[in-house]
Amino acid sequence: MPLYLPHFNLQNYNTLASPVCADFFVSVKDEEELQAAIKFAKEKNFPLLVLGGGSNIVLHENFPGLAIHVQLLGKELVREDDEFYYVKAAAGENWSDFVDYCLDEGFFGLENLSLIPGNVGAAPIQNIGAYGVELKDVFSELSAVDVKSGLSITFTPESCQFGYRDSVFKNALLDQFIITSVTFKLGKKPNLNIQYPALQAALVGYSPQEITPELVSQVVCDIRRSKLPDPKQIPNVGSFFKNPIITPSKLVELQQTYPDIVSYPVDETRVKLAAGWLIDRAGWKGRELEATVHAEQALVLTNPKRLKGTAVLALASAIKEAILLKFGVELEQEPRNYP
Ligand SMILES: Cc1cc2nc3c(=O)[nH]c(=O)nc-3n(C[C@H](O)[C@H](O)[C@H](O)COP(=O)(O)OP(=O)(O)OC[C@H]3O[C@@H](n4cnc5c(N)ncnc54)[C@H](O)[C@@H]3O)c2cc1C
């Protein structure tokens, strides 16, 4: 029977290291404990804060409810066909360790997503992505407990409604389901995706035979370590803003003033701008209020003084205002605020 710990400091449970307390905290290791925690919250009329690795949340004030740390563990090969292995991982598995496990076992497709912090259960929430691959590209299905009914439901790729750093769990089904496991559809043979410019550049000089999934994973890890601060040293949540999507005509307008603006085509009607470039060009890279814009990567806001999330939110708000004023582009925050 897990303990329900009162007035619990969440500083070690969020990578911004914000020292805020939850009224109650419980760590759940199986579905039965999860069901009991949901019941506990219902009886007390507590809102829920579902916690994985805490690497995509901003805790700005004390949380007036129950924080549930999802620690369900386990991974297994559930089936295979001619082309794919179907590998299921419980929500509390560490994402990066799971990627390494799959590589070791010869289950291919996760290599570009190496070293992303957090746990498996949170990965579908924002359809994690990096270096040209998104979770949706390797997703088969997930199981989640319906907070209202307590029933376990299976979600297909279609019912997850994945988008750019987005899914149904951030929209129509916000706070309604707790993910317990995710099943991935992973190649029996490598099918490498090395089109992403930074990846391509890092692989120059290697022969096609040398470019294996293991090498791609290694290169991705090296690039990430060189660009992104380790949250254990400098608290952060990775990219603080999504890359804004604009119309091609807005891009043409911006290019008149900023010919070197960084953009990526999405489709005929949409273009993605590099939010980091906008922040850098607006003069915010390395700037410090109570929180700081990382000097190597302007998209990352850091919390070196380990303050409440309000410090980072104040900096984010100043940046958003500056970007809107200078470029007429609205930045959207990626991590979720609590409470
Ligand atoms: C240095 C750094 C680099 C990063 N790089 C990337 C990157 O390249 N690409 C990328 O996409 N993201 C990146 N991120 C963001 C983050 O790692 C991912 O969003 C990750 O999936 C969050 O996992 P988590 O377990 O820490 O989630 P948490 O922060 O614990 O939770 C995030 C959200 O998911 C909900 N949630 C968590 N677990 C469950 C569950 N089991 N069921 C239902 N809801 C749940 C939470 O309530 C919360 O709303 C980075 C973060 C850092 C710190």
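The values are calculated or read from the model by the stated rules, or taken from the named source; none is laboratory data. Every value quoted in this text rests on a predicted model; they were computed, and no experiment measured them. The area values use the complete protein model at the heavy-atom level, side chains included, leaving out ligands, DNA and RNA. Shrake-Rupley method; radii C 1.70, N 1.55, O 1.52, S 1.80 Å.
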Hey, in the GNM for the chain with a 10 angstrom Cα cutoff, which one of TYR164, TYR264, TYR131 fluctuates hardest? TYR264
With respect to the cross-link table entries LYS227/LYS305; LYS148/LYS272; LYS148/LYS232, which display a Cα-Cα separation exceeding 26 Å? LYS148/LYS272; LYS148/LYS232
For the stretch 127-186, take every pair of Cα atoms, bin their distances at 5 Å starting from 0, and report each bin as a whole percent. 4, 18, 29, 27, 14, 6, 1, 0
So what is the calculated 222 nm ellipticity per residue for the chain, using -39500 (n - 2.57) for each DSSP H run with n of 4 or more, over all residues, to the nearest 500 deg cm²/dmol? -7500 deg cm²/dmol
For the chain, calculate the relative contact order in percent as a whole number, restricting contacts to Cα pairs under 8 Å that are 6 or more residues apart. 18 percent
Going through the cross-link list LYS136/LYS170; LYS44/LYS308; LYS170/LYS250, which pairs have a Cα-Cα distance over 21 Å in this structure? LYS44/LYS308; LYS170/LYS250
Along principal axes, Cα extents of the stretch 75-227, largest first, whole Å: 56, 34, 23
Taking all pairs of different Cα atoms in the stretch 190-267, averaging 1/r and flipping that mean, what Kirkwood radius in angstroms comes out? 15.7 Å
Taking the convex hull of the Cα atoms, report for the chain its projected area averaged over all directions, in nm². 18.1 nm²
So what are the three principal axis dimensions of the stretch 236-338 from its Cα atoms, in whole Å, longest to shortest? 42, 25, 22
Output needed for the stretch 142-240: three equivalent-ellipsoid semi-axes, defined as square roots of 5 times the C-alpha gyration tensor eigenvalues, in descending order, whole Å. 34, 20, 12
The chain: DSSP helices with Cα axial extent of at least 24 Å and average Kyte-Doolittle hydropathy no lower than 1.0: 310-327
Where Rh denotes the Kirkwood radius from the mean inverse Cα pair distance, what is Rg over Rh for the stretch 5-70? 0.95
Can you tell me the accessible area per residue over the chain, all protein chains present, probe 1.4 angstrom, in square angstrom? 48 Å²
Surface share of carbon and sulfur [accessible, 1.4 angstrom probe, percent] for the chain: 50 percent
